[in-house]
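Written out below as structure tokens is the structure these notes cover.
The values are calculated or read from the model by the stated rules, or taken from the named source; none is laboratory data. Keep in mind that what you see is a predicted model, and the values were worked out from it rather than measured. Note that we place each Cβ from the backbone using ideal geometry, even for glycine, and neighbour counts take in every protein chain shown. Accessible surface is based on the protein model in full, side chains and every heavy atom, while ligands, DNA and RNA are left aside. Shrake-Rupley method; radii C 1.70, N 1.55, O 1.52, S 1.80 Å.
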Amino acid sequence: MCIAVAFGALKMLQLGIAKRARQTIEALATHFDRRWADHVIAWLGSQPTNHLHVIAIVAFLYAALFVTEGLGLWEEKRWAEYLTVIATLSFVPFEIYELIHRQTAPRIAALVINVVVVAYLIQRLRHPHRSEATAHS
């Protein structure tokens, strides 16, 4: 999804692309996807050009982070577990920002779930299962 946002942000620099993006989404997406995509397209379309470049760069960096994290976890690398904690924590500031602007049950739930997941991941990093500890010895 991050790659799609990044390419979308870069494409929004071209005239008329928002209209074509909406037409494509209407042809391919379900009702839920369309609503979400319409919000993203409208938001991207309202951004100044210099913001679109920043959005594209950040989205590409997030995509690289998630690919690196996924490959590391697949290869069962310990560093990937730490990267997962960092990636999960990276969403917390955005969730807090959203809660400051408008408190809703889903936003509160998202923040609580992320904090619980991070706590669980940290606990697992600090106290690996005995079978894992003996296997790496």
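Brief remarks on what is shown
- Single condition SER46 does not satisfy, out of (1) modelled with pLDDT of 85 or more; (2) among the hydroxyl-bearing types (Ser, Thr, Tyr); (3) loosely packed, with under 15 Cβ neighbours inside 10 Å: (1)
- Number of the exception - LYS19 against (1) modelled with pLDDT under 80; (2) closer than 26 Å to SER90 by Cβ: (2)
- Residues satisfying the stated conditions in region 67-95, i.e. open to solvent by 70 Å² or more (accessible area, probe 1.4 Å) and of a type in the set (A, V, I, L, M): VAL67, LEU71, LEU73, ILE86, LEU89
- Residues that are under 21 Å from ALA119 (Cβ atoms) and of a type in the set (D, E, K, R), drawn from region 89-107: GLU95, GLU98, ARG107
- Answer from GLN123, GLN47 - the residue that is outside any helix (DSSP H, G or I), over 15 Å from the mean Cα position of the chain (by Cα) and not basic (Lys, Arg): GLN47
- When restricted to residues that are more than 20 Å from ILE113 (Cβ to Cβ), open to solvent by less than 70 Å² (accessible area, probe 1.4 Å) and in contact with a helix residue (DSSP H, G or I) (Cβ under 7 Å, 6 or more places away or on another chain), region 49-66 contains 5.
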